[in-house]
Amino acid sequence: MTKNQINEREQLELLAIDQLLPEEYLVRKLEAAIDFSFIYPFKETIERVFADAKEMLGMLWITLRGLKKLSM
């Protein structure tokens, strides 16, 4: 490898999501038009529901496949 190739590999570019999405993107327009603040009080409840469902699915998988097959 040449010295230039090594330097190019070490470069890091940080981008924000705002830089990746064009200004006319539909989600940007929706975010500007709709106030989503009513969702925030329910955020923890929604996260807990999904976490419980994920845990129950894991327990179902262990029950159906057997603990020995999972640990192999």
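The values are calculated or read from the model by the stated rules, or taken from the named source; none is laboratory data. Since the model is a prediction, treat every value here as computed from it, not as a measurement. Ligands, DNA and RNA are excluded from the accessible area calculation, which covers all protein heavy atoms including side chains. Shrake-Rupley method; radii C 1.70, N 1.55, O 1.52, S 1.80 Å.
Brief remarks follow.
- Odd one out for LYS54, checked against (1) at pLDDT below 85; (2) open to solvent by 100 Å² or more (accessible area, probe 1.4 Å): (1)
- Residues of the stretch 12-44 classified as among the charged types (D, E, K, R), under 19 Å from the mean Cα position of the chain (by Cα) and open to solvent by 100 Å² or more (accessible area, probe 1.4 Å), total: 4
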